[in-house]
Amino acid sequence: MTDTSRFRRAFKEFYALPYPGRPEAMEFREWSIRLATLDSHIPGYLLRVNDGSMQAREIPELAEITREVESLGHSLDLISAATSRDVQMKEEYRAYLVVMERMLQELVDLAAE
């Protein structure tokens, strides 16, 4: 039987984290739209894996989703935060991505079992 305790911890952590607010800089807004689009796909899969109605290995394009989140992390590093609000938003988005990456890694690990 698969041990899902790490997945469940990561799942709880991901759902407890509030989604960051809206940044001010246009470049940053465009980046946040990419994240929001990606983020709109992930929660449904997480809920289904968590409730047992889907296996992690059944998530379509899990590797591609994981690569896109990693790409978002790299592109976030390239964004200049022009205002103090954007500096704060960048930190919040970075924290959100770290938790999302951890959650996806747990899904990848479950899918490999």
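Return a yes/no flag: does region 26-36 have any residue that is in a helix (DSSP H, G or I), open to solvent by less than 50 Å² (accessible area, probe 1.4 Å), among the small types (Gly, Ala, Ser) and under 25 Å from residue 88 (Cβ atoms). Yes, there is a match, as at least one residue in region 26-36 is in a helix (DSSP H, G or I), open to solvent by less than 50 Å² (accessible area, probe 1.4 Å), among the small types (Gly, Ala, Ser) and under 25 Å from residue 88 (Cβ atoms).
Only a single item in (1) at pLDDT below 90; (2) open to solvent by 60 Å² or more (accessible area, probe 1.4 Å); (3) of a type outside the set (A, V, I, L, M) is not met by residue 58, and it is number (1). Residues in region 62-76 that are in contact with a helix residue (DSSP H, G or I) (Cβ under 9 Å, 6 or more places away or on another chain) and among the acidic types (Asp, Glu): 68, 70. If you go through region 65-113 and keep only what is among the charged types (D, E, K, R), touching a Phe, Trp or Tyr at 6+ places or on another chain (Cβ under 6 Å) and farther than 20 Å from residue 51 by Cβ, you end up with just 86. Looking only at residues in region 13-25 that are modelled with pLDDT of 85 or more and hydrophobic (A, V, I, L, M, F, W, C), the one that is most open to solvent (accessible area, probe 1.4 Å) is 16.
Scanning region 41-55 for residues that are polar (S, T, N, Q) and open to solvent by 80 Å² or more (accessible area, probe 1.4 Å) yields one hit, 55. Among the residues of region 61-86, those that are exposed (fewer than 12 other Cβ atoms within 10 Å of the Cβ) and free of Cβ contacts under 8 Å to residues at least 24 places away in the same chain comprise 61, 64, 74, 77, 78, 84.
The values are calculated or read from the model by the stated rules, or taken from the named source; none is laboratory data. For clarity, every value in this text was computed on a predicted model and none was experimentally measured. Positions of Cβ are backbone-derived with ideal geometry, glycine not excepted, and every protein chain shown enters the neighbour counts. Protein only, heavy atoms only, side chains kept; ligands, DNA and RNA dropped before computing areas. Shrake-Rupley method; radii C 1.70, N 1.55, O 1.52, S 1.80 Å.
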